[in-house]
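Student: Below are the structure tokens for one structure; questions will follow.
The values are calculated or read from the model by the stated rules, or taken from the named source; none is laboratory data. Every value quoted in this text rests on a predicted model; they were computed, and no experiment measured them. Every residue, glycine as well, gets a Cβ built from its backbone with ideal geometry; the counts of neighbours run over all protein chains shown. In case anyone asks, the SASA skips ligands and DNA or RNA and just uses the protein heavy atoms, side chains included. Shrake-Rupley method; radii C 1.70, N 1.55, O 1.52, S 1.80 Å.
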Amino acid sequence: MTATSERLLERDAEVARLRRALAAATDGAGGVTVLAAPAGLGKTALLEAALAEAAANGLRPLTARAGELEQEFAFGVVRQLVEPAVVAASDEERARLLSGAARRAATVLDLEPDAALDRDVHATLHGLYWLLLNLAADGPLVLAIDDLQWADEPSLRCLAYVARRLEGVPLAIVATMRTEAAGGRVELPDAATDSASAVAATAARLTAIEELLAGPGAERIEPAPLSVEAVAELLERALGRPSEPAFATACRAHTAGNPFLLSEVVAELAAEGVAPTAARAAELERIVPTRVGETLRRHLARLAPDARALAAAVAVLGEGAELPVAAELAALGRARAAVVAAELVGAQVLAPAAAPRFR
């Protein structure tokens, strides 16, 4: 076990499944593993653990991180994965990598500036597939993609194309994917507020993601929230003393066992010198870490005005707010407020509960 995986709490089963996927790729049986969960559940930490395992076992890592503002950059994620390896290669090695069918990948990488991007999409995907095969000829590969839900559609189609052809190929695809809090789905656009083209583009990306997940050998791993016991262990690690059960329980309830939120709250506790005792458990209610607030503001900025208005109303009313009262304060009808509240839950701003409250 690597040092990275040793730092992860309650993730032994997930690390073991990742290790098996990487071992299979090393033996020539490639596959796809997707770490799917709401924000903050430790997907990226598990991806980093997978990369550490890969490095320890001789798999070459090719990495990419999708960005919400780069979804219109065709093959942007694929370029992140393969471009550094191709550009760093010697002229002789590059010629080998881009030989045969893989030559079609040269236009995607702007290595043939005089050639227009190949209009034959299938030929382009096939070229990128062969480029990966040529890279894998030097040793097993792991393609690691963070935030798959924001990947551009051509890259997703390429990954799905490759995933269907991994039998006998020493290549593992490992990706993280943020899902909604309820239902385990990728975040969807709002047809009422987004343009038709935006909705269509997102639908195309979701179709490609579903195709990738439905491929042969694809495995989905869903990390769960941390237990009270894990919260207590993290508190002890960070604060240097055991926490009293009531404090650990309150901290778990305050963060819903979300590792990201928990780490931020614990950092605030350490900075303020709050002792993890039952007598001080009530102080958790006032602690909203700066980074969590910034994340919340980013989530709200992407939502429609009605959603921001309802969130503001809930913030004013505080814990115990009732939806009809929040709707009136936000100048929304009750039916519209119910729809908007569901959107805020899906965006992980509000918690899934009868009375609206922030996560």
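Student: Return only the number of the condition from (1) more than 30 Å from Arg298 (Cα to Cα); (2) open to solvent by 70 Å² or more (accessible area, probe 1.4 Å); (3) part of a loop (DSSP other than H, G, I, E, B); (4) modelled with pLDDT of 90 or more that Gly58 does not satisfy.
Tutor: Every listed condition holds for Gly58 apart from (2).
Student: Filter region 274-289 for residues that are within 13 Å of Ser243 (Cα to Cα) and not hydrophobic (A, V, I, L, M, F, W, C) and give the result.
Tutor: Taking region 274-289 first, the residues within 13 Å of Ser243 (Cα to Cα) are 274-281.
Pro276, Thr277, Arg280, listed by residue number.
Student: Do we have Arg252 as surrounded by fewer than 17 Cβ atoms within 10 Å (Cβ to Cβ) and either more than 30 Å from Arg165 (Cα to Cα) or in contact with a Cys (Cβ under 7 Å, 6 or more places away or on another chain) (or both) here?
Tutor: Considered against the rule, which asks whether it is surrounded by fewer than 17 Cβ atoms within 10 Å (Cβ to Cβ) and either more than 30 Å from Arg165 (Cα to Cα) or in contact with a Cys (Cβ under 7 Å, 6 or more places away or on another chain) (or both), Arg252 comes out as no.
Student: Find the residue count for region 66-93, including only residues that are without any contact (Cβ under 8 Å) to a residue 24 or more places away in the chain, surrounded by fewer than 17 Cβ atoms within 10 Å (Cβ to Cβ) and not in a loop (DSSP other than H, G, I, E, B).
Tutor: Summing the residues that are without any contact (Cβ under 8 Å) to a residue 24 or more places away in the chain, surrounded by fewer than 17 Cβ atoms within 10 Å (Cβ to Cβ) and not in a loop (DSSP other than H, G, I, E, B) in region 66-93 gives 7.
Student: Tally up the residues in region 14-56 that are basic (Lys, Arg) and in contact with a Pro (Cβ under 9 Å, 6 or more places away or on another chain), please.
Tutor: First, pick out the residues of region 14-56 that are basic (Lys, Arg): 17, 19-20, 43.
Next, only the ones that are in contact with a Pro (Cβ under 9 Å, 6 or more places away or on another chain) stay: 43.
Selection size over region 14-56: 1.
Student: Turning to a different aspect of this structure: Name the helices (runs of 4 or more DSSP H) wholly inside region 201-305 in which the number of residues that are within 20 Å of Trp150 (Cβ to Cβ) is 3 or more.
Tutor: Result: 290-301.
Student: From Pro276, Pro225, Pro289, which residue is at pLDDT below 85 and either surrounded by 14 or more Cβ atoms within 10 Å (Cβ to Cβ) or farther than 28 Å from Ala355 by Cα (or both)?
Tutor: Pro289
Student: Here is a further query. For region 151-183, how many residues are in contact with a strand residue (DSSP E or B) (Cβ under 8 Å, 6 or more places away or on another chain), open to solvent by 30 Å² or more (accessible area, probe 1.4 Å) and modelled with pLDDT under 95?
Tutor: 1
Student: For the subset of region 29-55 comprising residues that are closer than 18 Å to Leu159 by Cα and not aliphatic (A, V, I, L, M), which member is surrounded by the most Cβ atoms within 10 Å (Cβ to Cβ)?
Tutor: We begin by selecting, within region 29-55, every residue closer than 18 Å to Leu159 by Cα; these are 29-36, 47.
Applying the additional criterion that residues be not aliphatic (A, V, I, L, M) yields 30-31, 33.
Details: Gly30: 27, Gly31: 22, Thr33: 25.
My answer is Gly30.
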